Amino acid sequence: MKLKLIFIILILFSVKTFSCICRPVNLTDEIKSKYTENIFLAKVTKQLGNSYELLPLKIWKGNIKIDMIYKIEQNTSCHRPSFTVGEYYIFFESENRISQCSSTKNYSYSSTYLINTLRRMYPTPLKTSRHHNEIEKMEYKRELAKYEKENVVMVFNGEKIDLKNKKAVFFDGKSIFSKSVFKKSHSHSNIFLMDTKMCDYDYIFYVDKKTKLRSFPSKTKQRLTEKLIKKFCR
């Protein structure tokens, strides 16, 4: 009896754990799929338990109404992604549900590939809200997020430094690397501005990979600067 009970529990656990394994799907195929009934841009206006109310602003695919509240239900393990009220998302939706495996994304941080693919497949959206200012604000926010991701670094004191068209280098005490390498591999580290206009660079940053420093004392800065000059500035 105990063995049967354990077996049933294991089956139920396995079903719950593996019922929503997301497999890679080509974006174009997902857009064309009959299982993706609606693709639209909407603002999340309210959360009610496991459901959300959305205000559609732009529709690429489907028959939902523009500027009319549309409700989605999140009632299964595979259909329970979370959304932030007041934020804007591109929804891939079917039967009033959003799969966790779908390409649904926060509009401000959606990839250029996703946006360009929708524009290519739907040069003219089926419906667009009259609230153009809302869409313009979202476009600005998305472009700003994209720009900052590519060009802006934030040093430990919270200051944002724009590196577009600037020559910058990042130093970890042993080696130096470029902005692109920093963004890809070390963006989680604390960084400190070491100096400007030195060694033919506009900005030189120190990367604290172990994230132990909570300040950048002048002695530490001087020691690292001397080491940098000796090894890499000729």
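The values are calculated or read from the model by the stated rules, or taken from the named source; none is laboratory data. Treat the numbers as computed from the prediction; the structure is a model and nothing was measured. Every residue, glycine among them, receives a Cβ derived from its backbone with ideal geometry; neighbour counts consider all protein chains shown. Keep in mind that these areas ignore ligands, DNA and RNA; they rest on the heavy atoms of the full protein, side chains included. Shrake-Rupley method; radii C 1.70, N 1.55, O 1.52, S 1.80 Å.
For the listed residue pairs Lys43/Lys127; Lys164/Lys230; Lys149/Lys221; Lys71/Lys146; Lys160/Lys221; Lys146/Lys221, the alpha carbons are over 22 angstrom apart in Lys164/Lys230; Lys149/Lys221; Lys71/Lys146; Lys146/Lys221.
A simple spin-label model places pseudo-atoms 7 Å from Cα toward Cβ; at Ser175 and Lys212 they are separated by 2.0 nm.
Extension gain for Thr76 to Ile229 (0.36 nm times residue separation, less C-alpha to C-alpha distance): 49.2 nm.
Just so you know, the Cα atoms of the chain work out to an Rg and Dmax of 24.3, 78 Å.
Evaluating kT/(6 pi eta Rh) at 25 °C and 0.890 mPa s, with the Kirkwood radius of region 144-234 over Cα pairs in the Stokes-Einstein relation, gives 184 µm² s⁻¹.
Note the full-extension length gain between Arg23 and Glu53 as 0.36 nm times their separation in residues minus their Cα-Cα distance, in nm to one decimal. All intermediate terms of the calculation are to be shown ahead of the outcome.
Working: separation 30, 0.36 × 30 = 10.80 nm, distance 2.80 nm.
Taking 0.36 nm per residue and subtracting the Cα distance, the gain is 8.0 nm.
Answer with one residue from Val169, Val155, Ile72: the one whose Cα lies farthest towards the positive end of the charge dipole of the chain, charges on Cβ with Lys, Arg +1 and Asp, Glu -1. Farthest towards the positive pole: Val169. For region 183-222, what is the accessible area per residue in Å² when the probe is 1.4 Å? With all protein chains present, region 183-222 gives 65 Å² per residue. Specify the longest stretch of the chain that does not include any exposed loop site, a site being one of the GluC sites (Glu not before Pro) with a non-H, G, I, E, B DSSP assignment and at most 12 other Cβ atoms within 10 Å. In the chain, the maximal stretch lacking such sites is 1-94. I want to verify a result. In a Gaussian network model of the chain, Cα cutoff 10 Å, which of these has the top mean-square fluctuation: Thr220, Thr84, Thr45? Taking springs between Cα atoms under 10 Å, the residue moving most is Thr220.
If the chain linking Asn106 and Lys184 were pulled fully straight, counting 0.36 nm for each residue of separation and taking away their Cα-Cα distance, it would gain 26.0 nm.
If you run the Gaussian network model on the chain, springs between alpha carbon atoms under 10 Å, then out of Asn63, Asn165, Asn106 the most flexible one is Asn165. Local charge for Gln47 was computed over the other residues whose Cβ lies under 13 Å away, with Lys and Arg +1 and Asp and Glu -1, and equals +1. Remark: accessible surface ordering of Cys199, Cys22 (largest first) is Cys22, Cys199, probe radius 1.4 Å. Among the protein heavy atoms of the chain, carbon and sulfur supply 55% of the accessible surface, probe 1.4 Å, non-protein parts ignored.
Considering only Lys209, Lys46, Lys71, the Gaussian network model of the chain with Cα springs below 10 Å gives its largest mean-square fluctuation to Lys209. Across region 55-191, the relative contact order, built from alpha-carbon pairs under 8 Å that are at least six residues apart, equals 19 percent.
For region 101-181, report the accessible area per residue in Å² (1.4 Å probe, heavy atoms, rounded to an integer).
So region 101-181 comes to 63 Å² accessible per residue, rounded to a whole number.
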